[in-house]
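Q: This is the structure I have questions about; it appears just below.
The values are calculated or read from the model by the stated rules, or taken from the named source; none is laboratory data. Quick caveat, the model's predicted, so the values are computed rather than measured. Positions of Cβ are generated from backbone atoms using ideal geometry, with glycine treated the same way; all protein chains shown enter the neighbour counts.
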Amino acid sequence: MSPDAATATQIKPSWLATLKVYLEPPTLRMLVLGFSAGLPLLLVLGTLSFWLREAGIDRTTIGYLSWVGLAYAFKWAWAPLVDRLPIPLLTRLLGRRRSWLLCSQLAIMAGLVAMSFNDPQLALQPVVWGALAVAFGSATQDIALDAYRIESADTDRQAALAAAYQTGYRLAMIWAGAGVLWIAARAEVAQAANYQFAAWQTAYLVMAASMAVGALTVLLSPEPAHAPVPVARNLRDGLRSALVEPFADFLRRYQWQAALILALIAMYRISDVVMGIMANPFYVDMGYTKDEVAAVTKIYGVIMTLVGAFLGGALSMRLGVMRVLMLGAVLSAASNLLFALLSTRGHDLTGLIWVISADNLASGIASAAFIAYLSSLTNISYSATQYALFSSMMLLLPKFLAGYSGRYVDAFGYPNFFIATALLGVPVLLLVWLASRIRLR
């Protein structure tokens, strides 16, 4: 029996009961912790590149430094440690999940402070080391937080927790993107040079202080119920339990169907990720100014993403995750066709507003359903390791293909590129349909 068929045999909750889930303590906690998770990403990628360029760092170097973000793609490598290894004293006081959450948040704060006290114009290497500490701490926080979310509620409420997490995450990205620029601009001294290190220092110190919201939430939150860690008889058994068993468990549960599930995970966001690499160059080539793009993406884009995340979570509880997963796949591919249409209109600000709004609405719906689906696949005994594997896999193939996106645009133009990225989503529809026939175990 498929997951949606099983859901259909149950009594659906009323809309009032569905909405009340968003006011429950676990959901509200996930909203704040989602903010803590979303804050570091732009501070070591997008916003950092703005700072480095203003400091006179060449674009080639800035491009190489974006590899700092690979920490997120390989977090599965140390996820077994987060899943199993206790932190001396702290785990006894806070529990397994909260101790790792708090340590990772402190690492992020320390990295941001280190970045703020080093001027990249004078010494770039310390800034890079600070960024690496932030990225590593952020990826570790993601591992622990995904496990915390999965263990904080039953399967029926995972979509709501995912939607709350996404909402907090997106709000943090506004604060770490437009917020940093706003703070740095206000901290500048009038009549001084264009680049003022003290202004960026102030902005990054404020970001480090903002992480305290997540740390306080961890301290005030309960440790979720999770499976006890079995005592290993020797080092070999311990390594097998931590490194091999999480992956072997997934293969045992799904056997040959595991290949289909992994194919869906690897392909689901391919349309969005491949298209997204060329989004900013497209805006520049179409003549949109930085102010226009910033206003549209930070206002309309973020609002529609939050609406989409809310709808995705609510509809998943009402209709079943797989139906909403299919809806998200259709909308994500279709929104790329809107970019193809926009590319034929030149500088059209009204069209940009509509296209970015539709694209972010589709992304919010798809992401909320996808996170709920990934959560349903994990075994609570290995939740951190298995979810880290799934969330890493979903980016590897899309990121690889996205590397060729610029060459494709140069050869065939933007309209054909956006149509091609939409067509990449067609196999995803088949994979979702096939995966809906699999009974979750």
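Q: Suppose the filter is modelled with pLDDT under 80 and buried (at least 21 other Cβ atoms within 10 Å of the Cβ); does Leu16 pass it?
A: no
Q: What residue, among those in the stretch 55-92 that are under 20 Å from the mean Cα position of the chain (by Cα) and of a type in the set (Ser, Thr, Tyr), is modelled with the lowest pLDDT?
A: Per the criteria, the residue is Ser66.
Q: Where in the stretch 77-134 are there helices (runs of 4 or more DSSP H), lying wholly inside it, with at least 2 residues that are over 19 Å from Pro40 (Cα atoms), of a type outside the set (Gly, Ala, Ser) and without any contact (Cβ under 8 Å) to a residue 40 or more places away in the chain?
A: 90-94
Q: Would you mind finding the one in Ala358, Ala411 that is over 25 Å from Tyr72 (Cβ atoms), surrounded by fewer than 17 Cβ atoms within 10 Å (Cβ to Cβ) and without any contact (Cβ under 8 Å) to a residue 60 or more places away in the chain?
A: That would be Ala411, the only listed residue that is over 25 Å from Tyr72 (Cβ atoms), surrounded by fewer than 17 Cβ atoms within 10 Å (Cβ to Cβ) and without any contact (Cβ under 8 Å) to a residue 60 or more places away in the chain.
Q: Give the number of residues within the stretch 246-273 that are assigned to a helix (DSSP H, G or I), under 22 Å from Trp433 (Cβ atoms) and touching a residue at least 12 places away in the same chain (Cβ under 8 Å). Give the derivation first.
A: Narrowing the stretch 246-273 to residues assigned to a helix (DSSP H, G or I): 246-254, 257-267, 270-273.
Applying the additional criterion that residues be under 22 Å from Trp433 (Cβ atoms) yields 250, 253-254, 257-267, 270-273.
Narrowing further to those that are touching a residue at least 12 places away in the same chain (Cβ under 8 Å): 250, 253-254, 257, 260-267, 270-273.
The number of residues fulfilling the criteria is 16.
Q: What number of residues within the stretch 342-353 satisfy the criterion of being part of a helix (DSSP H, G or I) and in contact (Cβ under 8 Å) with a residue 60 or more places away in the chain?
A: 2
Q: Can you name the residue in the stretch 191-213 that is more than 30 Å from the chain's Cα centre (by Cα) and at pLDDT 85 or above and, of all such residues, is surrounded by the most Cβ atoms within 10 Å (Cβ to Cβ)?
A: Taking the stretch 191-213 first, the residues more than 30 Å from the chain's Cα centre (by Cα) are 191-196, 198.
Imposing the further condition that a residue be at pLDDT 85 or above reduces the set to 196, 198.
Details: Gln196: 16, Ala198: 13.
So the residue we want is Gln196.
Q: Still on this structure, please answer the following. Would you mention how many residues in the stretch 341-355 are within 27 Å of the chain's Cα centre (by Cα) and farther than 20 Å from Thr421 by Cα?
A: 1
Q: Here is a further query. Let me spell it out: the conditions are (1) in a helix (DSSP H, G or I); (2) in contact (Cβ under 8 Å) with a residue 40 or more places away in the chain, and Gly56 meets all of them except one. Which number is the exception?
A: Every listed condition holds for Gly56 apart from (1).
Q: Also, I was wondering about something else. For the stretch 127-140, indicate whether the set of residues that are in contact with a Phe, Trp or Tyr (Cβ under 6 Å, 6 or more places away or on another chain), surrounded by 22 or more Cβ atoms within 10 Å (Cβ to Cβ), closer than 23 Å to Pro222 by Cβ and at pLDDT below 95 is non-empty.
A: Scanning the stretch 127-140, I find no residue that is in contact with a Phe, Trp or Tyr (Cβ under 6 Å, 6 or more places away or on another chain), surrounded by 22 or more Cβ atoms within 10 Å (Cβ to Cβ), closer than 23 Å to Pro222 by Cβ and at pLDDT below 95, so the answer is no.
Q: Given the residues Asp272, Asp285, which is the only one that is at pLDDT below 90 and surrounded by fewer than 17 Cβ atoms within 10 Å (Cβ to Cβ)?
A: Residue meeting the stated conditions: Asp285.
Q: Right, another one. Would you pick out the residues in the stretch 151-206 that are of a type in the set (Val, Ile, Thr) and over 20 Å from Ser36 (Cα atoms)? Write out each step before concluding.
A: Initially, the stretch 151-206 is screened for residues of a type in the set (Val, Ile, Thr), giving 155, 167, 174, 180, 183, 189, 202, 206.
Those that are of a type in the set (Val, Ile, Thr) and over 20 Å from Ser36 (Cα atoms): Thr155, Val189.
Quick grid of which residues meet (1) at pLDDT 75 or above; (2) assigned to a helix (DSSP H, G or I):
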residue	(1), (2)
Leu161	yes, yes
Gly168	yes, yes
Met173	yes, yes
Leu181	yes, yes
Val189	yes, no
Ala215	yes, yes
Val218	yes, yes
Ala232	no, no
Ser241	no, yes
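Q: Another one. List the pairs whose first member sits in the stretch 195-222 and is aromatic (Phe, Trp, Tyr), whose second member is surrounded by fewer than 16 Cβ atoms within 10 Å (Cβ to Cβ), and whose Cβ atoms are under 8 Å apart, counting only residues at least 6 apart or on separate chains?
A: Cβ pairs passing all conditions: Tyr195/Gly56; Tyr195/Gln121; Phe197/Gln121.
Q: What's the total number of residues in the stretch 243-260 that are hydroxyl-bearing (Ser, Thr, Tyr) and either more than 18 Å from Tyr373 (Cα to Cα) or not assigned by TED's automatic domain parsing to the domain that holds Arg437 (or both)?
A: The number of residues fulfilling the criteria is 0.
Q: Return the only residue of Leu251, Leu338, Leu352, Leu264 being modelled with pLDDT of 80 or more and either closer than 16 Å to Ser367 by Cα or of a type in the set (D, E, K, R) (or both).
A: Going through Leu251, Leu338, Leu352, Leu264 in turn, the sole match is Leu264.
Q: Among the residues of the stretch 301-314, is any outside any helix (DSSP H, G or I) and either among the charged types (D, E, K, R) or under 28 Å from Pro415 (Cβ atoms) (or both)?
A: Within the stretch 301-314 (the criterion being outside any helix (DSSP H, G or I) and either among the charged types (D, E, K, R) or under 28 Å from Pro415 (Cβ atoms) (or both)), the answer is no, since none of the residues qualifies.
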